[in-house]
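The values are calculated or read from the model by the stated rules, or taken from the named source; none is laboratory data. All of these numbers come straight from a predicted model, not from anything done at the bench. Cβ sites come from the backbone with ideal geometry, for glycine too, and all protein chains shown count toward neighbours. The protein model used for the area step is the full one, side chains on, heavy atoms only, and it has no ligands, DNA or RNA in it. Shrake-Rupley method; radii C 1.70, N 1.55, O 1.52, S 1.80 Å.
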Amino acid sequence: MFKFLKGVVAGAGAGLKDLPYNIGEPYSSAWGSWVHYRGTSKDDGAPVSIFSLSGSSANDGHLVAGRNGVKRLRTVRHPNILSFLHSTEAESLDGSTTKLTIYIVTEPVMPLSEKIKELGLEGSQR
């Protein structure tokens, strides 16, 4: 009962299987402990960015900070901050240990290093 209420209050959903987005390939660059994936909406195929953060226990410092970031991102609206679309937390079994992962879905973005490679800028243009 508590887990259900926590999910309703936090808006976290029921886990990865109920995430209304498809997780695609990850970008080669990472930002700290976060992994950045390309993604699409299951409804209309619109592009999104999906960020994931994994930890081994619910009290892991990275996960606690990640949850705090989700709370803040959910309430902040500013032109210089990514638009928050959805978040969920999922448990998975990794061998004999349980792994917790936070997923945050935002408007589509691309790491600057990837964009520079895509544009093919060289020399002084770069």
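Taking every C-alpha pair closer than 8 Å and separated by at least 6 residues, the mean separation divided by the residue count of the chain gives a relative contact order of 24 percent.
The modelled label-to-label distance for the pair Leu73/Trp31, using points 7 Å beyond Cα in the direction of Cβ, is 0.8 nm.
Which residue fluctuates most in the GNM of the chain (Cα springs below 10 Å): Leu19, Leu85, Leu93? The residue with the greatest mean-square fluctuation here is Leu93.
Projected area of region 26-126, taken from the Cα convex hull and averaged over every viewing direction, in nm²? Show your work: numbers first, answer last.
Values: hull surface 34.7 nm².
With every direction weighted equally, the projected area is 8.7 nm².
Once the Cα-Cα distance is subtracted from the 0.36 nm per residue extended length, the Asp43 to Glu114 segment shows a gain of 22.9 nm.
Which percent of the accessible heavy-atom area of the chain goes to carbon and sulfur, probe 1.4 angstrom?
Whole-percent figure for carbon plus sulfur exposure: 56.
Per residue of the chain, the DSSP helices (runs of n ≥ 4 H) give a summed -39500 (n - 2.57) that works out to -7500 deg cm²/dmol at 222 nm.
The GNM of the chain, with springs linking C-alpha atoms under 10 angstrom apart, assigns the highest mean-square fluctuation among Ser33, Ser113, Ser54 to Ser113. Please go through region 58-106 and write out the trypsin sites (Lys or Arg not before Pro) that DSSP classes as loop and that have at most 11 other C-beta atoms within 10 Å. In loop regions of region 58-106 (DSSP not H, G, I, E or B), the sparsely surrounded trypsin sites (Lys or Arg not before Pro) are Arg77. Of the GluC sites (Glu not before Pro) in region 48-126, the ones in a loop by DSSP (not H, G, I, E or B) with at most 13 other beta carbons within 10 Å are Glu122.
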